[in-house]
Each structure stands twice: as structure tokens, then as C-alpha cells.
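What follows is a set of notes on a single structure, which appears directly below.
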Amino acid sequence: MGKRDDLIATYADDLRNKCGMEPDMALLTKVTIGCGPAIYDADASTVAGSQASELETVKKNFLMKKLGLSDGPELMEAINSVIEVYGKSERNKYRAVVYYMLAKHFGKEGVYS
């Protein structure tokens, strides 16, 4: 197993144990690959849930650009609900896990097919 496979296993573990959901491993793998080299960078691999600028970046670069959603209050509501499910006190909110949950939330799994 390579480093990416180890990270995917870590993300799946977070989804099961911290978010209370059984991951779709095929989708999780595609979301992880979609994050590119960011998953290997300590800072870029996580989402700072308490930083408004970081959440704005998730909204613009992932929800609007990648998933093709239109801007509206529901986007930030979804991000906040995902952060809530992950656990506000959880220090490491992995970007791939947050993106996975957002793709599921909006029913946009097809973007990764």
C-alpha cells in the first residue's frame, strides 16, 4: 500500500468513527485523488473549520467550481453542518473527508464518475 492508500484508510476511519457514516470507498478514493497533492501537505490536507476565509475557499473552489453549484446561503449552511458532524473540537478535519461529505450532501457523486 502506498501513502495515498494509507490516507484513504485514515479518512474512512474518520468517516466511520467521527462522522458516524459508512464510507463509499470508491467515491472516497476519487475525492481523495481529486484533492491532488494537497493531501500530502500538513496544512493543505485539513480544513480550518473556524476560519471564515478557509470556509469561503471551500465554498468557492469546491462547491461552486468543482461541483458546479450556484452561490447561495445553503452552501455555507452545508459546510457548517459538515463541520458540525465532523466535530467542531476535532483538530484535524481532513479536506478529503469534508469534500466527500459535501459531495454526498448535495447528491453530486456523479461529478466523480
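Summary table
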item: Selection from the range 38-57 of residues that are assigned to a loop (DSSP other than H, G, I, E, B), at pLDDT 95 or above and among the polar types (S, T, N, Q); result: Ser45
item: Residue in the range 35-45 that is out of contact with any Phe, Trp or Tyr (no Cβ under 7 Å at 6 or more places or on another chain), over 20 Å from Val111 (Cα atoms) and of a type in the set (A, V, I, L, M, F, W, C) present; result: yes
item: Check on Lys30, open to solvent by 60 Å² or more (accessible area, probe 1.4 Å) and either assigned to a helix (DSSP H, G or I) or in contact with a Lys or Arg (Cβ under 8 Å, 6 or more places away or on another chain) (or both); result: yes
item: Search result, residues across the range 62-80 that are over 25 Å from Gly20 (Cα atoms), surrounded by 13 or more Cβ atoms within 10 Å (Cβ to Cβ) and touching a helix residue (DSSP H, G or I) at 6+ places or on another chain (Cβ under 7 Å); result: Lys66, Leu69
item: The listed residue being out of contact with any helix residue (DSSP H, G or I) (no Cβ under 6 Å at 6 or more places or on another chain), closer than 19 Å to Ala9 by Cβ and touching a residue at least 24 places away in the same chain (Cβ under 8 Å), out of Ile83, Ile33; result: Ile33
item: Flag for Leu69 being at pLDDT 95 or above and not in a helix (DSSP H, G or I); result: yes
item: Among the candidates Lys108, Lys93, Lys59, residue that is within 15 Å of Leu27 (Cβ to Cβ), of a type outside the set (A, V, I, L, M, F, W, C) and either surrounded by 13 or more Cβ atoms within 10 Å (Cβ to Cβ) or within 11 Å of the chain's Cα centre (by Cα) (or both); result: Lys108
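The values are calculated or read from the model by the stated rules, or taken from the named source; none is laboratory data. These numbers come from a predicted model, not from an experiment. We place every Cβ from the backbone using ideal geometry, glycine too, and count neighbours over all the protein chains shown. To get the accessible areas, we keep the full protein, side chains included, count just its heavy atoms, and leave off ligands, DNA and RNA. Shrake-Rupley method; radii C 1.70, N 1.55, O 1.52, S 1.80 Å.
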